[in-house]
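Please treat every number below as a calculation from the coordinates, not as lab data. Treat the numbers as computed from the prediction; the structure is a model and nothing was measured. Note that we place each Cβ from the backbone using ideal geometry, even for glycine, and neighbour counts take in every protein chain shown.
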Amino acid sequence: MKEIDAQKPVNATIMSTVDQSGTFVLGDKRVKRLGYGAMQLAGPGVFGPPNDRDSALAVLHESIASGVNHIDTSDFYGPHVTNQLIREALHPYPADLVIVTKVGARRGADKSWIPALSRQELIDAVHDNLRNLDLDSLDVVNLRVGGLERPSNTSIAEYVAVLVELKRNGLIRHIGLSNISQTQLKEAQTLTEIVCVQNLYNIAQRDDDAFIEDLTRQDIPYVPFFPLGGFNPLQSAALDDVARSLDATAMQVALAWLLKRSPNILLIPGTSSLQHLRENLKAAALRLPADAVDTLDAIARKPEQETQKHI
Ligand SMILES: NC(=O)c1ccc[n+]([C@@H]2O[C@H](COP(=O)([O-])OP(=O)(O)OC[C@H]3O[C@@H](n4cnc5c(N)ncnc54)[C@H](OP(=O)(O)O)[C@@H]3O)[C@@H](O)[C@H]2O)c1
């Protein structure tokens with residue numbers, strides 16, 4: 001394993017940049033709003049070992065050394081691979097680190113994503129996370145309900161009840177929800193406290209605008225997945241123009257727009273590249289002028305002409 005000391009020293013500028021993203025309470029800790037999503041660390045198709053193991057470990061080391069204290073993961077990334085890399089790179093974990101994992105799916109041998117929401121599958125998934133992260137208790141577990149299609153309003157009470165039981169047993173400290181609708185959040189809140197919502201949202205995919213307003217009122221973090229467009233990174237002439245005018249990159253502008261969008265938005269951009277990690281972490285220092293925000297807001301209003309949204 002490559003030691004962090006062997007890496008290029010972390011630039012103090014990056015550390016102060018992450019701090020500039022601000023903070024918000026997630027579960028029982030206050031985290032920086034700019035975090036890191038670990039999904040890209042597994043092999044191609046989020047399956048199997050990484051192409052470059054040393055680089056994957058270096059990305060984790062540098063994210064923490066740069067001040068990130070919120071990492072999003074799941075045991076079905078790999079499967080098991082991402083959590084095992086996190087454990088190898090970061091255990092024993094820094095006291096301020098919040099690791100958020102998710103349950104509700106499993107992987108087929110053909111790399112498919114299969115719903116796994118039965119009582120036993122949820123229990124097994126929590127134990128897989130505990131074992132592979134080497135923890136006695138998980139900070140936050142997101143119940144991932146839907147896939148990448150739009151969330152529905154079908155009842156999730158049966159699944160949430162299983163996590164409530166595991167929380168009562170001390171295996172989970174906090175429960176979040178992923179790929180859900182506002183109706184499903186309301187139902188879950190009758191059963192337990194929900195500490196975060198993780199849905200698909202970015203500068204071009206804004207189906208959750210009203211949902212975000214609702215969560216802002218409730219002081220609940222909203223954690224957009226695919227903040228950079230996911231498997232098909234965002235492409236937009238307007239985004240490029242704004243980036244050029246600010247001497248920034250398109251990805252930095254996309255992240256800065258999310259930070260500005262609402263104070264309860266927490267970012268978990270994913271990357272397997274140190275260069276991209278460094279670029280993304282600098283986004284918190286980027287201030288968007290009002291005319292740039294107007295231009296960026298318009299991207300979601302003209303999806304067909306300008307923005308590829310084929311996520
Ligand atoms: N709840 C769910 O169902 C769900 C679904 C998907 C993801 N997630 C979570 O959300 C996190 C973020 O999602 P994501 O990683 O899929 O998507 P993302 O953050 O929107 O984008 C990641 C993609 O953008 C590329 N990228 C990152 N930084 C870049 C940069 N500065 N310039 C150019 N390309 C860049 C990455 O490639 P490189 O590796 O080459 O940088 C990767 O292909 C994941 O890590 C995961 O924890 C949750």
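If the condition is being under 19 Å from Gln84 (Cα atoms) and of a type in the set (Lys, Arg), then the stretch 106-128 contributes Arg106, Arg107, Lys111. For the stretch 67-93, taking the residues that are more than 14 Å from the ligand (Cβ to nearest atom) and closer than 19 Å to Ala284 by Cβ, the one that is surrounded by the most Cβ atoms within 10 Å (Cβ to Cβ) is identified as Asn69.
Kindly indicate whether any position in the stretch 97-118 is within 24 Å of Pro269 (Cα to Cα), more than 14 Å from the ligand (Cβ to nearest atom) and touching an Asp or Glu at 6+ places or on another chain (Cβ under 9 Å). Yes, some residue in the stretch 97-118 is within 24 Å of Pro269 (Cα to Cα), more than 14 Å from the ligand (Cβ to nearest atom) and touching an Asp or Glu at 6+ places or on another chain (Cβ under 9 Å). Scanning the stretch 176-188 for residues that are assigned to a strand (DSSP E or B) and without any contact (Cβ under 8 Å) to a residue 60 or more places away in the chain yields a single hit, Leu177. Inspection of the stretch 233-241 finds a residue satisfying the criterion of being touching a residue at least 12 places away in the same chain (Cβ under 8 Å), near the ligand (Cβ under 9 Å from one of its atoms), out of contact with any strand residue (DSSP E or B) (no Cβ under 7 Å at 6 or more places or on another chain) and within 22 Å of Leu60 (Cβ to Cβ). The set of residues in the stretch 189-198 being out of contact with any Leu (no Cβ under 8 Å at 6 or more places or on another chain) and not in a helix (DSSP H, G or I) consists of Thr190, Leu191, Glu193. Scanning the stretch 38-56 for residues that are assigned to a helix (DSSP H, G or I) and closer than 23 Å to Arg107 by Cα gives Met39, Gln40, Leu41, Arg53, Ala56. Right, Arg173: among the basic types (Lys, Arg), in contact (Cβ under 8 Å) with a residue 40 or more places away in the chain and in contact with an Asp or Glu (Cβ under 6 Å, 6 or more places away or on another chain) or not? Yes: the conditions hold for Arg173. Residues in the stretch 134-171 that are away from the ligand (no atom under 15 Å from the Cβ) and either within 18 Å of Ile220 (Cα to Cα) or touching a Cys at 6+ places or on another chain (Cβ under 7 Å) (or both): Val160 alone. Contact annotation: residue pairs with Cβ atoms under 6 Å, 6 or more positions apart or on different chains, pairing a residue in the stretch 252-273 that is more than 10 Å from the ligand (Cβ to nearest atom) with a partner that is of a type in the set (Gly, Ala, Ser) and assigned to a helix (DSSP H, G or I), are Val253/Ala243; Ala256/Ala283.
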